[in-house]
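> To start, I am sharing the structure in question, which I have written as structure tokens.
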Amino acid sequence: MLQPKSEAELADCLAAAKHPMAIRGGGTRPIGRAVAGEVLSTAALKGITLYEPGALTLVAQAGTPLAEIEAVLHAENQRLPFEPMDHRALLGTDGTPTIGGVVAGNVSGPRRIQAGAARDSLIGVRFVDGSGTVIKNGGRVMKNVTGYDLVKLMAGSYGTLGVLSEVSFKLLPEVETCACLILEGLSDQSAVAALSRALASPYEVTGAAHAANRGGRSRTMLRLEGFAKSVAYRTDALRGVLAEFRAVEVISDPDLVRQMWKDQRDVTAFAGQTGDVWRISCKPSDGPAIGAKIKGEVIYDWGGGLIWVLVGEGHDLRKTLGAFGGHATLIRASEATHARIPTFHPEPAPLAALSDGLRRKFDPKGILNTGLMATAMPAA
Amino acid sequence: MEMPKPNPAILAKRTRIISRLRDVLPHDAVIDDPHETRAYECDALTAYRCPPLAAVLPQSTAEVSEVLRICHEEGVPVVPRGSGTSLAGGALPTADSVILGVARLTQVLETDYDNRFIRVQTGRTNLSVTGAVEANDFFYAPDPSSQLACAIAGNIGMNSGGAHCLKYGVTTNNLLGVTMVMMDGTVVEIGGAHLDAGGLDLLGVICGSEGQLGVVTEATLRILRKPEGARPVLMGFDSNEVAGECVSDIIKAGVLPVAIEFMDRPCIEATEAFAKAGYPMCEALLIVEVEGSEAEIREQLDVILDIAKRHNPVELREAADADQAARIWLGRKSAFGAMGQINDYMCLDGTIPVSSLPYVLRRIGEMSKEYGLGVANVFHAGDGNMHPLILFDANKPGDLELCEAFGADILKLCVEVGGCLTGEHGVGIEKRDLMLTQYTPTDLEAQLWVKDVFDPKWLLNPAKVFPLSVTETRRDHAA
């Protein structure tokens, strides 16, 4: 395993590399198929480079543990807006999640519907491309349209365009408190209707989820965050908005609310259970119809627009779903299944050509997480 | 500002190109009369002008595709144009280029309140997107000052911001999907009513690419429910430094205003003379706006007013009703118009870390004396996006050049303190030659790769964004 201690060392590694490399942050999010090659880890590129609470800005080296960043922000009553999920329980991994890994996977959580994804908070990157060239884009200010936005391109590129060395974020204030409204026993259809109703209200819902729980009672959850008086006011107002959907229970113990949303964020319901895990992004109102096609467990988030699926092993869910507006990612499966089914959703030919073209430019030697994002399978 | 020399081979086949365009478009959609093409000779950066070879106004994605296919075959550069409000020269043509205007693409295609999006053709103006949904109490968040006139196509091209992005983000944070025509005429759909990309985030790099990667004809935009209420407060301070500290303290206190606007004395004086908004005469003025229910507004304003009081304000005024709120915003919203009344001016758009505000304002003041040109500052303080307005006399020989040199120095200062050349207006031709102060040649090369992939012949808006010397071989090779 290569573990460069500086950006310059990282650049040397990649300039010298002649064979494919498996790019790794903390190794806690091995999403999709295994990547061949020597491991190139960013774990030694550690440290917060700059933190200005008064400017809501943080810059950190890519290998900085996420927990360290969250602790530093917490001390100043601030947070990363997009609530990155922790994949360890779901994927059965251990290790230390890094901020670079969060960016590489564009990892967000339930708050994505209100505060945006990781890519929306990311304002700057430094990375090394597949030839060993150091490239920077964006910076440390939250409004920046100087040249092309490669920052967005790097977010969610899973190390296939370059190895991140430094990332910058805009932050938000931490909230004083939170509350959760719960509706029980709704069908998927009514649940998504209720979530839509709430999200179309002016009450700034920051979490809108529904666990279908076939066989048992379903549970639909809405989260409110902010100053105590405001949360209390909006909780009442939202109950009014949802009056036609069954009785609403309110949970106002912030610790309990935080735990419930942490479980939702990390999909702990599927942790340790056998089966493949898929993640579907769709138009929220399409969610229930998509869910109905699935013979397995489903958990909705993002008001119905994100569906976590646990199904029997080796099954190509994309064939079951057919064409729909959105995409399905195979997050967890056996090696045999991963070898057969592309991890990422196949793109229409012109878009696939653009993505391939970009990869060839940024990784001309074809050595960065080779094949991880490929959507065409090698001929059998 | 240098532009590439027109390609004589293209000028020579002008008649054929226009006739081919007429074959695929309605007669009145192809403009080639030299009197009429003058309307397209510049955008809001009026110091630079050049009529195009022709202008076309297609009415559908299919027509845009036909136009681009023909221009691709003929090797003709295409300059996409929204409403022509760019302050950076983003829509400035060359004599051998075809202007592709989206002005006739104005329809609302789909409104979906359950899923909180609207799908529009991109010639629609920013304000009329909100106009299409406000009867249902929804709005489209990005609100550039030119929102009455500017088109969504241009907003996407420049990744436009506005006064309220501290809370709601800029265009890229509110754009869910596009229908885009590639230079060879291929129509692609990217994103849609769902969130985030399934593969590489192509939408993310298209937004803000200044019309160099494709022509966006339709857009899916996130719409939001209007807040229950909003209220501004106005604060006056006796120095820029103190006002800057106050901004920083408000942000650190955990409240998130939707807008924090800053004006300095020259700007206050000019707008007061013009708009008579009743502003106090002081060194620095802040407008801070919060949103929510009455109780939420009260709670946030109490925190903000407490902080303001600790900075010895010379004025502290909370809007008691809608009329007073409008008066507080009146001066700010007429600031550019007011400055235009008293002078020619050049509006800059650099962004700086909020912490550098006092230093940067002091240095701008010093440089203003050195150059002998006045500056008024009005800007979005919460996110550090400055808008220094440099005053000059367009009729005085040499003044424009002096003004441009001063502007370049201010932008270099922005980069020096950790900021950037442009926060929301775009690079266009205006900041093109300063790109190497912010980025190294290799940083820029990586951006050029993206254009190489999307537009291999370098025909879309080719003389913008990057210094001409950096793109020369690519453009020449293409021709």
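> When the residues of segment B:429-446 are narrowed to those that are at the interface with chain A (Cβ under 7 Å from one of its Cβ atoms) and over 20 Å from B:PRO4 (Cα atoms), which ends up surrounded by the fewest Cβ atoms within 10 Å (Cβ to Cβ)?
B:THR442
> Which of (1) of a type outside the set (A, V, I, L, M); (2) at the interface with chain A (Cβ under 9 Å from one of its Cβ atoms); (3) over 25 Å from A:LYS361 (Cβ atoms) does B:GLY426 not meet, given it meets every other one?
(3)
Matching residues to (1) within 21 Å of the chain's Cα centre (by Cα); (2) buried (at least 18 other Cβ atoms within 10 Å of the Cβ):
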position: A:GLY287; (1), (2): yes, yes
position: A:GLY312; (1), (2): no, no
position: A:ALA323; (1), (2): no, no
position: A:ALA333; (1), (2): yes, yes
position: A:THR337; (1), (2): no, no
position: A:LEU354; (1), (2): no, yes
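> Let me ask something else. Is there any pair with a first residue in segment B:300-322 that is within 14 Å of another protein chain (Cβ to nearest Cβ) and a second that is part of a loop (DSSP other than H, G, I, E, B) and crowded, with 20+ Cβ neighbours inside 10 Å whose Cβ atoms are under 8 Å apart and which are 6 or more apart or on different chains, and what are they?
B:GLN300/B:PRO257; B:GLN300/B:GLY292; B:ILE304/B:PRO257
> A further question follows. Can you tell me which residue among A:THR28, A:THR49 is among the β-branched types (Val, Ile, Thr) and exposed (fewer than 15 other Cβ atoms within 10 Å of the Cβ)? Explain how you work it out, then say what you get.
On the way: A:THR28 fails: exposed (fewer than 15 other Cβ atoms within 10 Å of the Cβ).
From the options A:THR28, A:THR49, the qualifying one is A:THR49.
> If you don't mind, another one. Name every residue in segment B:384-428 that is surrounded by fewer than 16 Cβ atoms within 10 Å (Cβ to Cβ) and either in contact with a Lys or Arg (Cβ under 7 Å, 6 or more places away or on another chain) or at positive phi (or both), in order of residue number.
The answer is B:GLY398, and nothing else.
> Give me a count of the residues in segment B:253-268 that are among the charged types (D, E, K, R) and either part of a helix (DSSP H, G or I) or away from chain A (no Cβ under 14 Å) (or both). Don't jump to the end; show me each part of the working.
From segment B:253-268, those among the charged types (D, E, K, R) are B:261, B:264-265; that's our starting set.
With the extra rule that they be either part of a helix (DSSP H, G or I) or away from chain A (no Cβ under 14 Å) (or both), the set shrinks to B:264-265.
Qualifying residue count, segment B:253-268: 2.
> Hand me the list of helices (runs of 4 or more DSSP H) wholly inside segment A:43-148 holding 2 or more residues that are more than 14 Å from chain B (Cβ to nearest Cβ) and among the acidic types (Asp, Glu).
Fully inside segment A:43-148 and qualifying: A:66-75.
> Among the residues in segment A:237-255, are any within 13 Å of chain B (Cβ to nearest Cβ), in a loop (DSSP other than H, G, I, E, B) and modelled with pLDDT under 95?
no
> Looking at (1) in contact with a Leu (Cβ under 9 Å, 6 or more places away or on another chain); (2) outside the structural domain of A:ALA34 (by TED's automatic domain parsing); (3) over 25 Å from A:THR329 (Cα atoms), can you tell me which one A:ALA191 breaks?
Every condition holds for A:ALA191 apart from (3).
> If you don't mind, there's one more thing I want to ask. Please find, within segment A:213-231, the residue that is farthest from B:PRO227 (Cα to Cα) out of those that are small (Gly, Ala, Ser) and out of contact with any Lys or Arg (no Cβ under 9 Å at 6 or more places or on another chain). So that I can check it myself, show each step before the final result.
Taking segment A:213-231 as the starting set, the residues that turn out to be small (Gly, Ala, Ser) are A:215-216, A:218, A:226, A:228, A:230.
Now restrict to residues that are out of contact with any Lys or Arg (no Cβ under 9 Å at 6 or more places or on another chain): A:215-216, A:218, A:228, A:230.
Numbers: A:GLY215: 39, A:GLY216: 37, A:SER218: 31, A:ALA228: 18, A:SER230: 13 Å.
In this case the residue turns out to be A:GLY215.
> I need a count of the residues in segment B:203-227 that are touching a Ser or Thr at 6+ places or on another chain (Cβ under 7 Å) and either surrounded by 24 or more Cβ atoms within 10 Å (Cβ to Cβ) or more than 8 Å from chain A (Cβ to nearest Cβ) (or both).
Within segment B:203-227, the first condition is being touching a Ser or Thr at 6+ places or on another chain (Cβ under 7 Å), and the residues that meet it are B:204, B:207-208, B:216-219, B:225.
Next, only the ones that are either surrounded by 24 or more Cβ atoms within 10 Å (Cβ to Cβ) or more than 8 Å from chain A (Cβ to nearest Cβ) (or both) stay: B:204, B:207-208, B:216-219.
Of the residues in segment B:203-227, 7 are touching a Ser or Thr at 6+ places or on another chain (Cβ under 7 Å) and either surrounded by 24 or more Cβ atoms within 10 Å (Cβ to Cβ) or more than 8 Å from chain A (Cβ to nearest Cβ) (or both).
> Scan segment B:423-457 for residues that are under 29 Å from B:VAL188 (Cα atoms) and not charged (D, E, K, R) and report the count.
Of the residues in segment B:423-457, the ones under 29 Å from B:VAL188 (Cα atoms) are B:423-429, B:432, B:443-457.
The next check asks that each one be not charged (D, E, K, R); those that pass are B:423, B:425-429, B:444, B:446-450, B:453-454, B:456.
The total comes to 15.
> Among the listed residues B:GLY75, B:GLY90, B:GLY123, B:GLY157, which satisfies the condition of being small (Gly, Ala, Ser) and either over 19 Å from the mean Cα position of the chain (by Cα) or at pLDDT below 95 (or both)? Before the answer, list the steps.
Details: B:GLY90 fails: either over 19 Å from the mean Cα position of the chain (by Cα) or at pLDDT below 95 (or both); B:GLY123 fails: either over 19 Å from the mean Cα position of the chain (by Cα) or at pLDDT below 95 (or both); B:GLY157 fails: either over 19 Å from the mean Cα position of the chain (by Cα) or at pLDDT below 95 (or both).
None of the other options fit; the residue is B:GLY75.
> What single numbered condition from (1) touching a residue at least 40 places away in the same chain (Cβ under 8 Å); (2) of a type in the set (Lys, Arg); (3) outside any loop (DSSP other than H, G, I, E, B) fails to hold for A:LYS229?
In the conditions (1) touching a residue at least 40 places away in the same chain (Cβ under 8 Å); (2) of a type in the set (Lys, Arg); (3) outside any loop (DSSP other than H, G, I, E, B), A:LYS229 misses (1) alone.
> Another question about this same structure. I'd like the full set of residues that are at negative phi and facing chain B (nearest Cβ under 9 Å), limited to segment A:191-210.
Going through segment A:191-210, the residues at negative phi turn out to be A:191-203, A:205-210.
Passing the criteria: A:VAL192, A:ALA193, A:SER196, A:ARG197, A:LEU199, A:ALA200, A:SER201, A:PRO202, A:TYR203.
> Within the set of pairs 6+ apart or on separate chains, which have a first residue in segment A:185-206 that is in a strand (DSSP E or B), a second that is of a type in the set (D, E, K, R) and crowded, with 22+ Cβ neighbours inside 10 Å, and C-beta atoms under 7 Å apart?
Correct list of pairs: A:VAL205/A:ARG223; A:THR206/A:ARG111; A:THR206/A:ARG223; A:THR206/A:GLU225.
> Looking only at segment A:96-127, which residues are within 15 Å of A:THR64 (Cβ to Cβ) and out of contact with any Lys or Arg (no Cβ under 9 Å at 6 or more places or on another chain)?
Passing the criteria: A:THR96, A:ILE99, A:GLY100.
> Let me ask something additional. Inside segment A:254-273, can you point out the residues that are of a type in the set (Asp, Glu) and buried (at least 17 other Cβ atoms within 10 Å of the Cβ)?
A:ASP266
> Further question on the same structure: Here are some residues: A:GLY216, A:GLY240. Which one is closer than 19 Å to A:MET260 by Cβ and either basic (Lys, Arg) or out of contact with any Phe, Trp or Tyr (no Cβ under 8 Å at 6 or more places or on another chain) (or both)? Even if it seems obvious, please write down each step before you answer.
Numbers: A:GLY240 fails: closer than 19 Å to A:MET260 by Cβ.
Going through A:GLY216, A:GLY240 in turn, just one is closer than 19 Å to A:MET260 by Cβ and either basic (Lys, Arg) or out of contact with any Phe, Trp or Tyr (no Cβ under 8 Å at 6 or more places or on another chain) (or both): A:GLY216.
> Further question: Scanning for something in a helix (DSSP H, G or I), facing another protein chain (nearest Cβ under 7 Å) and at pLDDT 95 or above, does segment B:175-197 turn up at least one residue? Full working, then the answer.
So the first thing to find is which residues in segment B:175-197 are in a helix (DSSP H, G or I), and the list is none.
Looking through segment B:175-197, none of the residues is in a helix (DSSP H, G or I), facing another protein chain (nearest Cβ under 7 Å) and at pLDDT 95 or above.
> Got at least one residue in segment A:60-76 being in contact (Cβ under 8 Å) with a residue 12 or more places away in the chain, crowded, with 16+ Cβ neighbours inside 10 Å, under 21 Å from A:THR133 (Cα atoms) and touching a Lys or Arg at 6+ places or on another chain (Cβ under 6 Å)?
Here is the first cut: in segment A:60-76, the residues in contact (Cβ under 8 Å) with a residue 12 or more places away in the chain are A:60-69, A:72-74, A:76.
From what is left, the residues that are crowded, with 16+ Cβ neighbours inside 10 Å are A:60-66, A:68-69, A:72-73, A:76.
Retained after the next criterion (residues that are under 21 Å from A:THR133 (Cα atoms)): A:60-63.
Next, only the ones that are touching a Lys or Arg at 6+ places or on another chain (Cβ under 6 Å) stay: A:61, A:63.
Scanning segment A:60-76, I find at least one residue that is in contact (Cβ under 8 Å) with a residue 12 or more places away in the chain, crowded, with 16+ Cβ neighbours inside 10 Å, under 21 Å from A:THR133 (Cα atoms) and touching a Lys or Arg at 6+ places or on another chain (Cβ under 6 Å), so the answer is yes.
> For a quick check of your reading: which strands (runs of 3 or more DSSP E) sit entirely within segment B:53-171 and have at least 2 residues that are surrounded by fewer than 19 Cβ atoms within 10 Å (Cβ to Cβ) and either in contact with a helix residue (DSSP H, G or I) (Cβ under 7 Å, 6 or more places away or on another chain) or at negative phi (or both)? Give the derivation first.
Working: elements: B:54-56, B:78-81, B:98-101, B:108-112, B:117-121.
Output list reads B:108-112.
> Would you please list the contacts, defined by Cβ atoms under 8 Å and residues six or more apart or on different chains, that run from a residue in segment B:380-406 that is outside any strand (DSSP E or B) to a residue that is basic (Lys, Arg)?
Taking only residues 6 or more apart or on different chains, the pairs are B:ASP383/A:LYS143; B:GLY384/A:LYS143.
> Collect the residues in segment A:149-173 that are charged (D, E, K, R) and either at the interface with another protein chain (Cβ under 7 Å from one of its Cβ atoms) or without any contact (Cβ under 8 Å) to a residue 24 or more places away in the chain (or both), keeping them in residue-number order.
Taking segment A:149-173 first, the residues charged (D, E, K, R) are A:149, A:152, A:166, A:170.
The answer is A:ASP149, A:LYS152.
The values are calculated or read from the model by the stated rules, or taken from the named source; none is laboratory data. Note that the coordinates shown come from a computational prediction; the quantities given were computed from them, not determined experimentally. Positions of Cβ are backbone-derived with ideal geometry, glycine not excepted, and every protein chain shown enters the neighbour counts.
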